[in-house]
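Engineer: I'd like to ask some things about the structure below.
The values are calculated or read from the model by the stated rules, or taken from the named source; none is laboratory data. Just so we're clear, the structure is a prediction, and the values are computed from it rather than from any experiment. Glycine also receives a Cβ, built like all others from the backbone with ideal geometry; neighbour counts cover every protein chain displayed. In case anyone asks, the SASA skips ligands and DNA or RNA and just uses the protein heavy atoms, side chains included. Shrake-Rupley method; radii C 1.70, N 1.55, O 1.52, S 1.80 Å.
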Amino acid sequence: MTEMTASVTAARPPSDITKRSPQASLIIHALLIAASLLMLYPLLWMVSASVRPENEIFSSTSLIPSSIDFSAYVRGWTGLDISFGRFFWNSLVISLLVVTGNVIACSLTAYAFARLRFAGRNFWFSIMLGTLMIPYHVTLIPQYVLFLDLGWVNTILPLVVPKFLASDAFFIFLMVQFFRGIPRELDEAAMMDGCSAWRIYWKIMLPLSLPVLATAAIFSFIWTWDDFFGPLIYLNDMNTYTIQLGLRTFVDSTSASDWGGLFAMSTLTLVPVFFFFLFFQRLLIEGIATTGMKR
């Protein structure tokens with residue numbers, strides 16, 4: 001009987017033997033909640049500061065304002081020479097074009113590397129991965145000279161056109177790993193039915209790759225929406241400013257800065273990112289969890 005009990009105990013899953021006590025789970029959850037509040041505090045303080053009177057913004061670290069004042073939102077939206085809605089529109093157009101370019105171009109390139117056989121495939125794939133180690137600032141000056149000669153400076157073309165040429169090696173690598181996890185038997189069966197490589201990509205690979213495509217779309221949108229350096233280099237006319245350049249106009253080192261308007265508009269800029277992530281959250285988690293895994 002003792003031997004049978006020992007064998008049953010040894011056969012139990014480790015999770016049943018090392019199950020946490022209620023006290024330990026309570027402590028762990030309390031620490032996680034405290035860490036979450038600590039990370040969320042700057043964001044919550046910014047939202048609170050956006051509805052405070054101007055003279056109380058930096059006078060308290062409390063998250064609860066003494067009075068609610070929404071004038072900063074009106075002042076931030078209409079207080080500049082150009083409505084802040086213009087900056088929102090510019091950022092939205094650029095971000096959606098970048099998302100479209102990255103999803104189309106990177107998926108096509110990844111499909112070629114993952115499924116097609118051509119001379120020098122491994123060599124060119126290695127060169128593509130090597131570009132991940134090149135800092136953006138190294139290629140900034142040659143790119144700027146090129147776009148200046150093309151007459152694209154002060155337009156959105158330098159920010160958008162390279163994305164339609166599969167310039168983001170990170171997304172290509174991510175999609176290649178995902179495509180390699182899709183069984184090749186599907187390609188072979190489709191080829192036996194007379195499907196071309198293009199039709200296999202369009203009818204088989206893309207429908208099965210929605211998680212990784214959504215992952216690339218979310219990261220492309222967030223990175224482009226939050227990008228400050230690229231628009232700062234290529235956009236000079238205020239009518240073409242994105243929201244990040246528009247936020248900078250609220251701070252002036254030579255005169256008074258409108259901190260209330262800055263925090264109010266900063267709060268509004270988080271709304272599109274939040275809803276974009278919320279809409280694609282399930283596909284994002286699935287894409288990250290299954291990339292590079294055999295199914």
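Engineer: Residues being touching a helix residue (DSSP H, G or I) at 6+ places or on another chain (Cβ under 6 Å) and assigned to a loop (DSSP other than H, G, I, E, B): count how many of those fall in the stretch 132-152.
Structural biologist: So the answer is 1.
Engineer: May I pose another question? For residues that are crowded, with 16+ Cβ neighbours inside 10 Å and either among the polar types (S, T, N, Q) or under 20 Å from the mean Cα position of the chain (by Cα) (or both), tally how many sit in the stretch 144-163.
Structural biologist: The total comes to 8.
Engineer: Another question about this same structure. Look through Ser83, Ser91, Ser50, Ser67 and report the one residue that is over 26 Å from Gly246 (Cβ atoms) and among the small types (Gly, Ala, Ser).
Structural biologist: Ser67
Engineer: Return yes or no: is Ser67 surrounded by 10 or more Cβ atoms within 10 Å (Cβ to Cβ), of a type outside the set (A, V, I, L, M, F, W, C) and out of contact with any strand residue (DSSP E or B) (no Cβ under 6 Å at 6 or more places or on another chain)?
Structural biologist: For Ser67, the condition - surrounded by 10 or more Cβ atoms within 10 Å (Cβ to Cβ), of a type outside the set (A, V, I, L, M, F, W, C) and out of contact with any strand residue (DSSP E or B) (no Cβ under 6 Å at 6 or more places or on another chain) - is not met.
Engineer: Something else: Where residues in the stretch 105-132 are among the aromatic types (Phe, Trp, Tyr) and farther than 22 Å from Ile204 by Cβ, which of them is surrounded by the fewest Cβ atoms within 10 Å (Cβ to Cβ)?
Structural biologist: Phe123
Engineer: Residues of the stretch 56-91 being assigned to a helix (DSSP H, G or I) and touching a residue at least 24 places away in the same chain (Cβ under 8 Å), which ones?
Structural biologist: Ser71, Ala72, Tyr73, Arg75, Gly76, Trp77, Phe84, Arg86, Phe87, Phe88, Asn90, Ser91
Engineer: Is it the case that Ala166 is touching a Phe, Trp or Tyr at 6+ places or on another chain (Cβ under 6 Å) and surrounded by 19 or more Cβ atoms within 10 Å (Cβ to Cβ)?
Structural biologist: Answer is no for this residue.
Engineer: Would you confirm whether any residue within the stretch 30-43 is surrounded by fewer than 15 Cβ atoms within 10 Å (Cβ to Cβ), among the aliphatic types (A, V, I, L, M) and not in a helix (DSSP H, G or I)?
Structural biologist: There is no residue in the stretch 30-43 that is surrounded by fewer than 15 Cβ atoms within 10 Å (Cβ to Cβ), among the aliphatic types (A, V, I, L, M) and not in a helix (DSSP H, G or I).
Each row is one residue, and each column tells you yes or no for (1) of a type outside the set (Phe, Trp, Tyr); (2) at pLDDT 90 or above; (3) open to solvent by 50 Å² or more (accessible area, probe 1.4 Å).
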{"position": "Met205", "(1), (2), (3)": "yes, yes, no"}
{"position": "Thr215", "(1), (2), (3)": "yes, no, no"}
{"position": "Asn236", "(1), (2), (3)": "yes, yes, yes"}
{"position": "Asn239", "(1), (2), (3)": "yes, yes, yes"}
{"position": "Asp252", "(1), (2), (3)": "yes, no, yes"}
{"position": "Gly260", "(1), (2), (3)": "yes, no, no"}
{"position": "Ser266", "(1), (2), (3)": "yes, yes, no"}
{"position": "Phe274", "(1), (2), (3)": "no, no, yes"}
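Engineer: While we're on this one: What are the residues in the stretch 169-191 that are part of a loop (DSSP other than H, G, I, E, B) and either touching a helix residue (DSSP H, G or I) at 6+ places or on another chain (Cβ under 9 Å) or surrounded by 16 or more Cβ atoms within 10 Å (Cβ to Cβ) (or both), if any?
Structural biologist: Matches in the stretch 169-191: Gly181, Ile182.
Engineer: Would you point out the residue of the stretch 44-64, among those that are surrounded by fewer than 10 Cβ atoms within 10 Å (Cβ to Cβ) and of a type in the set (S, T, N, Q), that is modelled with the highest pLDDT?
Structural biologist: Among residues in the stretch 44-64 that are surrounded by fewer than 10 Cβ atoms within 10 Å (Cβ to Cβ) and of a type in the set (S, T, N, Q), the one modelled with the highest pLDDT is Asn55.
Engineer: To continue, here is another question. Across the stretch 155-168, which residue is farthest from Gly101 (Cα to Cα) among those that are assigned to a loop (DSSP other than H, G, I, E, B) and out of contact with any Ser or Thr (no Cβ under 6 Å at 6 or more places or on another chain)?
Structural biologist: Only one residue fits best here, namely Thr155.
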